[in-house]
Amino acid sequence: MRLAGSIAFRFLKSGKGQTILIAVGIAIGVSVQIFIGLLISGLQASLIDKTIGRSPQITITSLDDTKQIQDAASLTAKLEASQDSISEITAAADGSAFLSYSDASAPILLRGFDLQKSDGIYRFADALYEGRLPLADNEVMIGKDLAVKWGLSPGDTVTAALPSGKTGKFVVSGFYDLKVSAINTSWVITTLAASQQFFDYGQGVTSIAMKVKDAFSADTAASALGRDLSDSSLKITDWKSQNEQLLSGLNGQSISSYMIQVFVLISVVLGIASVLAITVMQKSRQVGILKAMGLTDRTSSLVFLFQGLFLGILGAVIGVLFGVGLCVMFVAFAKNTDGTPVVPLTLNYSFILFSAGIAVAASVLASLIPARKSSKLNPIEVIRNG
């Protein structure tokens, strides 16, 4: 093994130009694979975050006439205890109302949350850009679009009214921006107790929202919840069933990425195999002399396998550095008008190591053909024919 490795290193060192050419070819293949893989991974993560980043992945609602879920506290405790897949869970009490300020009015959805528990799903603290979250039961947080339209400031008082004639006054504690105009215009956020009191829900809630540890297993988790609850009065929905077009697009991106990576890998394998096959012809005299001196067929084969291994490692290291560098440059220069990256960089270290490992394995695999050819060389014929 040591002898074969030493000879392989000498062969590579004697043909530096050829060695550099092969290593660069492998590096380009690895860098393209890493660049495309990380780019599409970041794009998918960005699309998912923009689509469901601030919304529940599983929602439980009531099919009763009242549209309310009673005893939500014990139900959420049961779900947390029975489902390890759930990472966040919170209850909400929603209702439609009319909001008025001065001479302006608009239909809104008054949403009551336990703001500490709900922040893991809706991230209201991150969306807050002025003022603070509502703490008291007479406070609300209003979206940016409605606040700008009405010229509101923290501390202003707005009035919410129901079709029944019931009204309630709320103090504006702050403003949020969820980057969706429809939400920024219609959602008015308050505490869970305030919403329950205003809509006369008692201790009832209108929905229970959840996030799971793996977003793409939301449908499986929702099915498991349905089996555990076994309650026909409850409806369980997941984000995957409501976003089939998004999932189709993500699957298309993944398939395109895999196809490109496979073709890049095939080209790398063919390139290495052809160059090493030529190397066997170039080094046939040296191999013949070494065989005449006692080098076994097995050792001569290992020489070219080691060449493939060395070239694969060298090319993989250069390719990883080049591929990550391309990703960093792309993120640095491709920016939106607000200065944020068009596609956020997500360094998936397991994918990077996997790509490097595939390149090394492909290089060794590509060297099998020249290694087999080397083992069949007849030293007497090689030396005789020069």
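Every number here is computed from the coordinates shown, using simple stated rules; none is lab data. Note that the coordinates shown come from a computational prediction; the quantities given were computed from them, not determined experimentally. Cβ coordinates were reconstructed from backbone atoms using ideal geometry, including for glycine residues, and neighbour counts include every protein chain displayed.
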Volume of the Cα convex hull of the chain, divided per residue and given in Å³: 171
Footprinting exposure proxy for D49, D137 (fewest neighbouring C-beta atoms within 10 Å first): D49, D137
Listed residues S173, S257, S74, most fluctuating in the chain (Gaussian network, C-alpha, under 10 Å): S74
Residue order, fewest to most beta carbons within 10 Å, for Y201, Y129, Y349, Y176: Y349, Y129, Y201, Y176
Charged-residue dipole, Cβ positions (Lys, Arg, Asp, Glu), the chain about Cα centre, Debye nearest 20: 3060
Solution diffusion estimate, µm²/s, Stokes-Einstein, region 64-231, Kirkwood Rh from C-alpha pairs, 37 °C, viscosity 0.692 mPa s: 195
Extension gain (nm, one decimal) between F333 and A125, 0.36 nm per residue minus Cα-Cα: 72.0 nm
Selection from G202, Y122, S367, by position along the positive dipole direction of the chain (Cβ): S367
Calculated on alpha-carbon atoms, Rg and Dmax of region 6-105 in Å: 29.1, 89
Cβ-placed point charges (K, R +1; D, E -1), dipole of region 64-231 about Cα centre in debye, nearest 20: 300
Amide H within-cut-off set for W187, under 5 Å, with H built and near neighbours excluded: L109
Helix-only mean residue ellipticity at 222 nm for the chain, each DSSP H run of n ≥ 4 adding -39500 (n - 2.57), per residue, nearest 500: -19000 deg cm²/dmol
Environment charge of V148, counting only residues whose C-beta is closer than 15 Å and scoring Lys/Arg +1, Asp/Glu -1: -1
Cα-Cα over 31 Å, subset of K117/K144; K144/K166; K149/K235; K67/K169: K149/K235
Charge sum, other residues only, whose C-beta stays under 9 Å from V171's C-beta, Lys/Arg counted +1 and Asp/Glu -1: -1
Within region 6-121: Cβ-based charge dipole about Cα centre, in debye rounded to nearest 20 (Lys, Arg +1; Asp, Glu -1): 1220
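Near I189, within a Cβ-to-Cβ distance under 10 Å, what is the net charge of the other residues, with Lys and Arg +1 and Asp and Glu -1?
Computed value for this residue: 0.
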For region 301-315, 3J(HN,Hα) per residue [Karplus equation, 6.51 cos²θ - 1.76 cosθ + 1.60, θ = phi - 60°, Hz, x = Gly/Pro]: 5, 5, 4, 7, 5, 5, 4, x, 5, 4, 5, x, 5, 4, x
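What whole-number volume per residue, in cubic angstrom, does the convex hull of the C-alpha atoms of region 98-176 give?
Convex hull volume per residue, Cα atoms: 94 Å³.
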Positive-pole candidate from I108, A91, A81, dipole of region 35-128, charges at beta carbon: I108
Listed residue (Q70, G155, T299) projecting farthest to the positive dipole end of the chain, Cβ model: T299
Mean separation of Cα contacts under 8 Å, 6 or more apart, over the residue count of the chain: relative contact order %: 27
Most fluctuating residue given options S46, S181, S118, as computed from a GNM of the chain linking Cα atoms under 10 Å: S181
